[in-house]
Amino acid sequence: MSRDASSQFVPSSSLDKVARGSLCAGCGGCAAAAPGRIAMELQPPGYLRPVQSGPLDAAEEARIARICPGLGQRVNPAGRRNDVLWGPWIAAETGNSTDPELRYRGSSGGGLSQAAAYLLEAGEVDAVICIAAAEDPVANRPVLATNRAEVLEAAGSRYAPSSPLADLEAHLQGGRRLAFIGKPCDVAALRALAAEDPRISRQIPWMLSFFCAGVPSHSGAEAVLAALGTSLGETVSFRYRGQGWPGRATATLRDGSTRDMSYHDSWGEILSRHIQHRCKICADGTGTAADLVCADAWETDDRGYPLFEEQDGTSLFLVRTAAGGALLERLRAAGKVETAPFDMSRLRAIQPGQRNRRHALLARLWGLRAIGRPVPDYRGLQIGAAARQGGSAVFARNFLGMVRRGLRRRD
Ligand SMILES: Cc1cc2nc3c(=O)[nH]c(=O)nc-3n(C[C@H](O)[C@H](O)[C@H](O)COP(=O)(O)OP(=O)(O)OC[C@H]3O[C@@H](n4cnc5c(N)ncnc54)[C@H](O)[C@@H]3O)c2cc1C
Ligand code: SF4
Ligand code: SF4
């Protein structure tokens, strides 16, 4: 993130703080705040990080400090129900796209892809900012989907770094009307950028997100390929999941053959061990800044734990704003999704990863502070109340664990 030794400009103090704390989420918001002078690049062990190539003026420096989710996030419940674990929300439903192809190719019930396809077909937006597979088959690139076929191309969760905000300035040119799909941190940065730039609220009336447990590095995907007995050089395309629910991680090789493994093995045993530091101290893996959020509405076993057996996909639709509620209502009225009411008290059981991270967060932040490492400034995210839910044993274990890892700089 720092400048090249030969460069003649002052490096951004905000980006420097982010780098010192390994706080970057990779969203690309800083590149949007200073286009042409900050670009996102893959850096070892395979995360997208900002690289500054020119001087920033004081206004740009201050803007990055306000919008960067690595430095902090603010949530204002503004009269909505405000759950300690899940933040502000208006309504919750489970359901799926009624388009069999979108449902099959989608990560869970195809809810996000259906919303995108509907907004395009109805002429509400000219394009949807999202991500799709890059030339490097395990990596992502930001794309503008302009029709259903391109939405389908982008469907499915891709457990790899993504910077969907990196090209925002170019996307805003020409006054196009857009929707945005991204990780919760991407949407938090976009919402904060919207407070600085009126074009964003005008041109991007829908910001959609998904529950996010964290972004694994590029090395994580390479480890999956190695476990499949192949390598990046031999792989022409790679799907992390989708085509069923949860769908299998599938590599297609040069000779046309495929190798695959279950979601439990790919995410649970490999990818989740490669996630970036910022994700381990993420206060908002559930998209509090978005209008509408989708997640996996897993079935549970007798103990309440999620089942990952293959079946037709079902999304959780979590409505965060009036705009998100109106969109879900229109999707329903147009017959594009079918939904049923969801009891939010079930969410803590079917999303144990999200629940546990919220319970652990305060202890992890205090552990990092205790050894002098910078942490994000979170406001309105009920971190203390979540820690009280978690209890003292969880607190002690996570505090000590973070101090130990931090001292070894194992993040
Ligand atoms: C990194 C990551 C972590 C996740 N963690 C959780 C979790 O903790 N709990 C949970 O329930 N579900 C998690 N998911 C899955 C996610 O919840 C489902 O994708 C969601 O249910 C949406 O399903 P869908 O069928 O509506 O989406 P789809 O119709 O398949 O659409 C998915 C959309 O997400 C976009 N997208 C995919 N990968 C990325 C990425 N890396 N960065 C930005 N945009 C992307 C695609 O471009 C597409 O527009 C995670 C997904 C990712 C990528
Ligand atoms: S979190 Fe986003 S805005 Fe902050 S430094 Fe990283 S890419 Fe830039
Ligand atoms: S876990 Fe949080 S910080 Fe990490 S990618 Fe997901 S939303 Fe962003």
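The values are calculated or read from the model by the stated rules, or taken from the named source; none is laboratory data. All of these numbers come straight from a predicted model, not from anything done at the bench. Cβ placement follows ideal geometry from the backbone for every residue including glycine, while neighbour counts extend to all protein chains displayed.
Worth a mention:
- Residue check, LEU193 closer than 22 Å to VAL319 by Cα, in a helix (DSSP H, G or I), within 16 Å of ligand 3 (Cβ to nearest atom) and modelled with pLDDT of 95 or more: yes
- Qualifying residue in segment 53-75 (condition: in contact with a strand residue (DSSP E or B) (Cβ under 7 Å, 6 or more places away or on another chain) and within 16 Å of ligand 1 (Cβ to nearest atom)): no
- Index of the failed condition, PRO164 passing every other in (1) outside any strand (DSSP E or B); (2) within 19 Å of ALA31 (Cα to Cα); (3) more than 16 Å from ligand 3 (Cβ to nearest atom): (3)
- Residue check for GLY313: assigned to a helix (DSSP H, G or I), at pLDDT below 95 and either out of contact with any strand residue (DSSP E or B) (no Cβ under 9 Å at 6 or more places or on another chain) or not charged (D, E, K, R) (or both): no
- Only residues that are in contact with a Phe, Trp or Tyr (Cβ under 8 Å, 6 or more places away or on another chain) and either at negative phi or within 16 Å of ligand 2 (Cβ to nearest atom) (or both) were counted across segment 145-177, and they come to 6.
- Condition broken by ALA149, with the remaining ones in (1) within 22 Å of GLU329 (Cα to Cα); (2) free of Cβ contacts under 8 Å to residues at least 12 places away in the same chain satisfied: (1)
- Out of ARG177, ARG191, ARG158, ARG202, one residue alone is charged (D, E, K, R) and near ligand 1 (Cβ under 8 Å from one of its atoms). It is ARG158.
- Scanning segment 97-116 for residues that are in contact with a helix residue (DSSP H, G or I) (Cβ under 9 Å, 6 or more places away or on another chain) and farther than 14 Å from SER315 by Cβ yields one hit, GLU101.
- Residue match in segment 295-305 (condition: within 16 Å of ligand 3 (Cβ to nearest atom), outside any loop (DSSP other than H, G, I, E, B) and at negative phi): yes
- Selection from segment 219-238 of residues that are in a helix (DSSP H, G or I) and crowded, with 21+ Cβ neighbours inside 10 Å: GLY220, ALA221, VAL224, LEU225
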